[in-house]
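Chemist: Pasting a structure here, questions to come.
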Amino acid sequence: MNPPGRPALALSASDIGDAQELLVRSCEDCACPPSGGESERAEPELDGRPLVRTPGVLELPVDAEHVALFSPSGNGGVVVLNTAARAIFDLFTRACSPDRAMGFTGGDTVLRKLLAHDIVHPLGAPPSQQLPKSHELTAWLHVTNKCNLRCPYCYVHKSGESMDSDTARESVTALVRSAVDNGFTSLRLKYAGGEASLNADVLLGLHEYAVEACTVAGLKLSAVLLSNGVAISRRLAQELKRLDIRVMISLDGIGEAHDAQRPTLTGKPSAARVLTTIDKLCAEGVPPHLSITITSRNVDAVAEVVRFGLDRDLTFSFNFFRDNDCASAFTDLQYEEQALLDGLRAAFGEIERTLPRWSVLGSILDRGQLLRPRSRTCGVGDDYVVIDQRGRIAQCHMELEDAAGDIRTTDPVLAVRDPARKIKNLLVDEKAGCRDCTWKNWCAGGCAVATFRATGRFDVRSPNCDIYRTIYPEAVRLEGLRLLAHAGRTPG
Ligand code: SF4
Ligand code: SF4
């Protein structure tokens, strides 16, 4: 039934080697959504039951011969079909026996992919979304309140205070105990500030202590340094490599655009120093992840950072500016919706020109992601703890002043889970405007703190809603292009 020489072809992330390692998340400077990658997919059974197309499946043209499919009511992942495979998919517009597909060359593989990605389902058994349960406790360790930059969008009320080594050890001890007591199996530490590298000795000491404490407690440990990239020495880069601490560098432009929103304490440019640091980290074998914060000042420069990252094979993620008390004096940071979309489209164009092997589904959508369904935007109030330089506990790094306890007297996880705390990180179904949304279990309604700031309510959809709805389909298409470019090829 296929046109001559054109077997039916279906591609998915599993056709690219090391697929799990290629999932990049945009949560480095935020609480991650509940842990876990794209759902592990068991090889589906074709047991002869009739199959039917899942309602709501999105179909986006990738090029003249291929479409990308994504099922919002499924468990994630994109499938690309060629024209012959698309004809197989069409068979299931109405319930139909899988045998019908077997007459096509490649029909068996196509059908298994469609079934595995919830694009078709057995008649009477629609997909059920597996919302992940957290097994990883993430902690933001605010190792210093000092910073050598003065970024206008920063939410930290800076001071000269840093965490001392006693507080650092007590914090780790409290986190490890709390992780075990509350049933977590891994701990993820984010070394942050201020500028965390300004307190490098305490940071490195606390990490070595965390390695020991997690080993004794049977917890897996991972760690990332969140840095502005201005002051990372070669020695520190080598220590980060030795200790397997990942690095995230904030880079908002390649020159003036970065300097316009990331000046030094004395108002001088910082971009050149950051770019030197990035080269240094790459040379030492610690390629950093780039975190791009988008405001009205750099909205036109996002594409150039993306180009910079793609040229060096660095991963990157986008964070939209979130208003806060410290930023309120800078009235020119809030982006216009259309300007943001134009800037994002220019960046997407760069991605399309040089498709990375890694998937952008988890990193270019601000707080949204299309890797795995979830019912809350982030882990605030559940599996995310912030500890400041004095050992005080908070729910979110954007609300550091709202102390929920102290690591010396309070279980950190129980403290952030206290229902009386300020931030209400609601289920997406509790947010007006989100309940009937196609994207609800991929977006989850946006950042609770940002929505509250903009609307005075937690129970409504994100002020970025229209932007999100516009860019999610574009990310599906980019994922389709990535699959076409890299599936079945060895990295070159
Ligand atoms: S914020 Fe908008 S895009 Fe996100 S879940 Fe709610 S309605 Fe959907
Ligand atoms: S509440 Fe918002 S700022 Fe805080 S961790 Fe969640 S997404 Fe990030």
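The values are calculated or read from the model by the stated rules, or taken from the named source; none is laboratory data. No experiment lies behind these values; they were computed from the predicted model shown. Note that each Cβ is placed from the backbone with ideal geometry, even for glycine, and that neighbours are counted across all protein chains shown.
Chemist: Does A223 qualify as being farther than 15 Å from L198 by Cβ and part of a strand (DSSP E or B)?
Modeler: Spelling it out, A223 is indeed farther than 15 Å from L198 by Cβ and part of a strand (DSSP E or B).
Chemist: Which residue pairs have Cβ atoms closer than 9 Å, lie 6 or more positions apart in sequence or on different chains, and pair a first residue in the stretch 191-220 that is in contact (Cβ under 8 Å) with a residue 60 or more places away in the chain with a second residue that is of a type in the set (D, E, K, R) and part of a helix (DSSP H, G or I)?
Modeler: From residues that are in contact (Cβ under 8 Å) with a residue 60 or more places away in the chain, the pairs are L206/R169.
Chemist: Can you name every residue in the stretch 257-277 that is part of a helix (DSSP H, G or I) and crowded, with 22+ Cβ neighbours inside 10 Å?
Modeler: Listed by number, the residues that qualify are H258, Q261, V274, T277.
Chemist: Here's a follow-up. Is it fair to say V380 is touching a helix residue (DSSP H, G or I) at 6+ places or on another chain (Cβ under 6 Å) and within 30 Å of D166 (Cβ to Cβ)?
Modeler: So V380 fails the test.
Chemist: If you go through the stretch 460-492 one residue at a time, how many are within 16 Å of ligand 2 (Cβ to nearest atom) and aromatic (F, W, Y)?
Modeler: Residues meeting the conditions: 1.
Chemist: Which one of L361, L414, L370, L400 is under 21 Å from L206 (Cβ atoms) and in contact (Cβ under 8 Å) with a residue 12 or more places away in the chain?
Modeler: L400
Chemist: Among the residues of the stretch 384-407, are any within 14 Å of ligand 2 (Cβ to nearest atom) and among the aromatic types (F, W, Y)?
Modeler: yes
Chemist: Every residue in the stretch 254-274 that is of a type outside the set (S, T, N, Q) and either over 17 Å from C151 (Cα atoms) or in contact (Cβ under 8 Å) with a residue 60 or more places away in the chain (or both), please.
Modeler: R262, P263, L265, G267
Chemist: What number goes with the only condition from (1) within 12 Å of ligand 2 (Cβ to nearest atom); (2) among the basic types (K, R); (3) touching a residue at least 60 places away in the same chain (Cβ under 8 Å) that K422 does not pass?
Modeler: With (1) within 12 Å of ligand 2 (Cβ to nearest atom); (2) among the basic types (K, R); (3) touching a residue at least 60 places away in the same chain (Cβ under 8 Å) applied to K422, the lone miss is (3).
Chemist: Right, here's the next one. Determine whether K241 is farther than 29 Å from E350 by Cα, modelled with pLDDT of 95 or more, in the same structural domain as L365 (by TED's automatic domain parsing) and assigned to a loop (DSSP other than H, G, I, E, B).
Modeler: No, not satisfied.
Chemist: How many residues, within the stretch 435-459, are within 15 Å of ligand 2 (Cβ to nearest atom) and surrounded by 20 or more Cβ atoms within 10 Å (Cβ to Cβ)?
Modeler: Going through the stretch 435-459 one residue at a time, the tally reaches 10.
Chemist: Among the residues of the stretch 324-342, is any farther than 20 Å from A450 by Cβ and surrounded by 24 or more Cβ atoms within 10 Å (Cβ to Cβ)?
Modeler: The answer is no; no qualifying residue exists.
Chemist: Same structure again: Among the listed residues F348, F316, identify the single one that is aromatic (F, W, Y), in contact with a strand residue (DSSP E or B) (Cβ under 6 Å, 6 or more places away or on another chain) and in contact (Cβ under 8 Å) with a residue 24 or more places away in the chain.
Modeler: After applying the criteria, what remains is F316.
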